[in-house]
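*Asks:* My structure is below; once you've seen it, I'll send some questions.
The values are calculated or read from the model by the stated rules, or taken from the named source; none is laboratory data. Bear in mind the structure is a predicted one, so any value in this text is a computation, not a measurement. Here the Cβ is made from the backbone with ideal geometry for all residues, glycine too, and neighbour counts use every protein chain on show.
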Amino acid sequence: MYDECRQRVWAYVVSRAGRQVADEVVSETFAIAWRRLEDVPEPALPWLLGVARNVLRDTVRAEARREAFGAELRAWIAATGDGVRRADVADEVTERLGVLAALAELPEDDREILVLVAWQGLSPRDAARVIGCSQATFRVRLHRARKRLGRAMENPVSPRPRVRNLSEELS
Amino acid sequence: MNDPIDRLRAARPAHLGDTPVDERTRAAELTRAMAQPRQERRTRRAPGRRTIARPAWGLGLAGAAAAVTAVAVAVTGTGGTAPSPSTARTGQAVSASESPESSPGRTAPDGQVRLSARTVLLAAAHRAAGQPDETGAWWHTVSVSRTLFRAEGADYTVVDRQRTESWTPSATGPDQRQHSGSQSLGAQPATPEDEAAWREAGAPAEIPVVVPGKKGAKLSLPTGPGEVQKGQAPLPDGDKVFWLGRNVSVRDLRALPSEPGALKAWLLRSYKGHGTESSAPMSRDAWLFTVTTGLIADMPVTPEVRGAAFRMLAGLASIEVTRDVTDAEGRAGTAVTIDGPEASAMGKAAAGDDGVLRTRLIFDEETGRALATENVVVRPGGAQAGMEPGTVWNSDVTLESGWTDDGPAS
């Protein structure tokens, strides 16, 4: 279970609250999983992500999560930018930067839903289990998040200060 | 690649992909985890009192070739003793294209009168529209979903079951919550033959199963039930509760047009040429069928609108109706599906999956109420590899749906 799921739990936490806290949250998640091994269902991943989600909520305050995610995103963008210098893939890199910047503009709830589906590859059924809502509810929230992401990608200029800082770094 | 989700998927930072964890971190985390005391297993049934897993589903009992064209699938009941394959009901398919509208019935070679798909749906529309219109503080649904898995390293099939209950408030506002409770009911062998093979394999309480498309992924399903997981969530935008091509509130649902043409036009405003869950192309009728199935299955619409939904389905080309089928709970009903492989894109387990599934809705002709939605294997592949055409790969059975003034127990 550990080898199968560890990196995916880690990736989930990083995409919510950045690398700084990720190892600690992942470590605590698997400690809980060990204590409650009898309760761990199969497949374990949605359950583990649900535990990681609770650990994250209980240990890292929302404001700190936002700041940490902002820092993480700047690191991604810097890493993607390095790609530009290394290879002639400017279009692809511009696309990636645009998508990541759009993701950064969304509320945390939307971001979480999109990351579970797009990056963790969970089905609506499993993702709904992680969040603790019904499939029907999840579809509603996914639909809204997807629309907001689409809008944010079409209108990259945002008046919000957090994102302004980001676009300065982009330039 | 215009879908925002596809673009986001492509933009995933490389280090969040499937790279192995470094050895030091691995050792440290495992050591820390295992240093903790393990909790004792909570209330579990005593070993001697474990009820024998009862076969819940019949699989692939219909002749494979007939099943592909007619999607007539034999499913057996949960009544304790499963009917033998020879007595399983295979259903009779009729399609809109086969039966001209001018002749509502025709006599089949076996002497039975066969009604056209259109006639069956119009009758259901009439019954649905005649149901009493009620509302309450909560829209309450209970459903059981089932999915088939092949056992790993053994020749049998199991069905994994999950019960979900949800409460949707009719009131709106930032303080309102949608509540849900879900519980794994455990996995059991699918047929008597599967049960025999499971016993031969030592009747494992945890059944290892094949996970398609994931190299080296191990999955084993407990045969016993799990805990109830409760959850609640605020309503998006303060009032949205269901997805019907777009997000809708209870008020939107109750205000839907009750004339079939107007309902169709209302729904099609959300149609963008692709599937409901992906950017893969999907025909207009297939899309309408998918969205309408959801509306009929579990949404709090008025009886008139449910009737209009059946009338609209009756007007679609390539609609097929199969009477005399049984849902996974053993209830008799009538199935409606639409021809065309893209109608089932949402049943695919993974990209590159070459299997074909078809979605169908099982309803009660007497009331126009939905009993279940099912995905049926047309061409095996991906998660359905090794399953017979005609097999019901997964299903969501509606046990209860209706208005109540009693909210969830807190």
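*Asks:* Quick check on my filter: what residues within region B:252-262 are touching a Lys or Arg at 6+ places or on another chain (Cβ under 6 Å) and crowded, with 21+ Cβ neighbours inside 10 Å?
*Replies:* Answer for region B:252-262, where residues must be touching a Lys or Arg at 6+ places or on another chain (Cβ under 6 Å) and crowded, with 21+ Cβ neighbours inside 10 Å: there is none.
*Asks:* Here's a check for you: in region B:162-190, which residue that is within 14 Å of chain A (Cβ to nearest Cβ) and of a type in the set (Ser, Thr, Tyr) is nearest to the chain's Cα centre (by Cα)?
*Replies:* Among those residues, the one meeting the criterion is B:Thr164.
*Asks:* Got at least one residue in region A:74-93 being among the hydroxyl-bearing types (Ser, Thr, Tyr) and modelled with pLDDT of 80 or more?
*Replies:* Within region A:74-93 (the criterion being among the hydroxyl-bearing types (Ser, Thr, Tyr) and modelled with pLDDT of 80 or more), the answer is no, since none of the residues qualifies.
*Asks:* Same structure again: Go through the residues of region A:31-43 one by one and say whether even a single one is at the interface with chain B (Cβ under 8 Å from one of its Cβ atoms), in contact with a Gly (Cβ under 9 Å, 6 or more places away or on another chain) and aliphatic (A, V, I, L, M).
*Replies:* No, every residue in region A:31-43 fails to be at the interface with chain B (Cβ under 8 Å from one of its Cβ atoms), in contact with a Gly (Cβ under 9 Å, 6 or more places away or on another chain) and aliphatic (A, V, I, L, M).
*Asks:* Scan region B:220-237 and report the pairs whose first residue is part of a helix (DSSP H, G or I) and whose second residue is of a type outside the set (Ser, Thr, Tyr), with Cβ atoms within less than 8 Å and a gap of 6+ or a chain change.
*Replies:* These pairs meet every condition: B:Pro236/A:Val140; B:Pro236/A:Arg141; B:Pro236/A:Arg144; B:Pro236/B:Asn247; B:Asp237/A:Arg144; B:Asp237/B:Asn247.
*Asks:* Looking only at residues that are polar (S, T, N, Q) and under 26 Å from B:Ala265 (Cβ atoms) in region B:230-251, which one is surrounded by the most Cβ atoms within 10 Å (Cβ to Cβ)?
*Replies:* Among residues in region B:230-251 that are polar (S, T, N, Q) and under 26 Å from B:Ala265 (Cβ atoms), the one surrounded by the most Cβ atoms within 10 Å (Cβ to Cβ) is B:Asn247.
*Asks:* Looking at A:Val25, is it farther than 12 Å from A:Val9 by Cα, in a helix (DSSP H, G or I) and more than 10 Å from chain B (Cβ to nearest Cβ)?
*Replies:* It is false that A:Val25 is farther than 12 Å from A:Val9 by Cα, in a helix (DSSP H, G or I) and more than 10 Å from chain B (Cβ to nearest Cβ).
*Asks:* Looking only at region A:58-72, decide whether some residue is within 12 Å of another protein chain (Cβ to nearest Cβ), farther than 27 Å from B:Arg146 by Cα and at pLDDT below 80.
*Replies:* Yes: region A:58-72 contains one or more residues that are within 12 Å of another protein chain (Cβ to nearest Cβ), farther than 27 Å from B:Arg146 by Cα and at pLDDT below 80.
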